[in-house]
Amino acid sequence: YSPDCYTIATASCDNTVKLWNLDGTLIYTLESHDDAVNSVAYSPDSETLATASIDKTVKLWRIDGTLINVLEGHSDVVKSVAYSPDGKTLATASWDNTVKLWDVDGTLINTLEGHSDMVNSVAYSPDGKTLASASRDNAVKLWRMDGTELNTLEGHSDEVTSVVYSPDGETLASASSDNTVKLWD
């Protein structure tokens with residue numbers, strides 16, 4: 001859902017992103033990548049979209065479908081993309097075992113290394129001070145925006161596929177291929 005709650009964007013294995021009205025009417029299709037699109041995220045102001053793909057790129061789009069920028073720097077599939085709450089930074093999770101932080105102008109800010117396997121998901125805390133990353137190494141890592149690792153959350157017995165913060169930022173949920181969802185304080 002867009003933050004303004006007017007549209008929905010969907011990522012697809014057919015290399016496209018579709019933008020929909022809430023009544024299910026297709027607005028338009030972005031012929032966006034050279035391979036399947038794994039993730040799509042709206043900017044907090046609902047003016048831009050970020051898309052992540054198997055083609056190892058992240059693309060930034062105006063809401064009207066105009067391509068703004070292509071972010072290249074991962075050496076493997078980009079699985080997840082998330083905007084910071086202030087809309088100034090993007091986090092990308094990749095199967096190259098890294099998380100990258102990008103300025104929305106396309107400048108690479110930092111590469112977060114610490115996972116020993118593919119990174120599947122990233123999520124910013126609501127205050128934008130912490131980033132969570134979920135990995136095939138069965139762990140969730142918490143990071144400061146300067147790239148410092150704060151903590152490793154262990155407890156899953158299989159890969160962690162997704163992470164999300166509660167709206168108040170007090171709880172983090174992690175989903176795993178071990179058929180569990182864990183809630184972390």
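The values are calculated or read from the model by the stated rules, or taken from the named source; none is laboratory data. Computed from a predicted model, the values in this text were never measured in an experiment. When we count neighbours, we look across all protein chains shown, and the Cβ atoms used for this are built from the backbone with ideal geometry, even at glycine. These accessible areas exclude ligands, DNA and RNA; they are computed on the full protein's heavy atoms, side chains included. Shrake-Rupley method; radii C 1.70, N 1.55, O 1.52, S 1.80 Å.
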Under a 1.4 Å probe, what is the accessible area of the chain per residue, stated in Å²? 47
Within the range 70-89: backbone nitrogen closer than 15 Å to the ILE109 label point (7 Å, Cα to C-beta): 81-89
Quick check on the range 108-185: take the gyration tensor over C-alpha atoms, sort the square-rooted eigenvalues as a ≥ b ≥ c, and tell me if it's rounded (a/c under 1.5), prolate or oblate. oblate
Selected from ASP117, ASP86, ASP168 as most flexible by GNM, with the chain as the system and alpha-carbon contacts under 10 Å: ASP168
When the chain is fully extended, how far beyond the present Cα-Cα distance does LEU67 get from THR171, taking 0.36 nm per residue of separation? 33.9 nm
FRET efficiency (CYS13, THR148; Cβ distance; R0 45 Å; to 0.05) is 0.80
Taking a ≥ b ≥ c as the square roots of the Cα gyration tensor eigenvalues, with a/c under 1.5 meaning rounded and otherwise prolate when a/b beats b/c or oblate if not, the range 1-82 comes out prolate
With all protein chains modelled, accessible area of VAL104 [1.4 Å, Å²]: 50
For the chain, the accessible surface attributable to carbon and sulfur atoms (probe 1.4 angstrom, ligands and nucleic acids excluded) amounts in percent to 46
Length-normalised contact order for the range 1-156 - Cα pairs under 8 Å, 6+ apart - percent: 12
Starting from the Cα gyration tensor of the range 52-129, take the square roots of the eigenvalues, sort them a ≥ b ≥ c, and report rounded, prolate or oblate (rounded when a/c is under 1.5, otherwise prolate if a/b is larger than b/c, else oblate). oblate
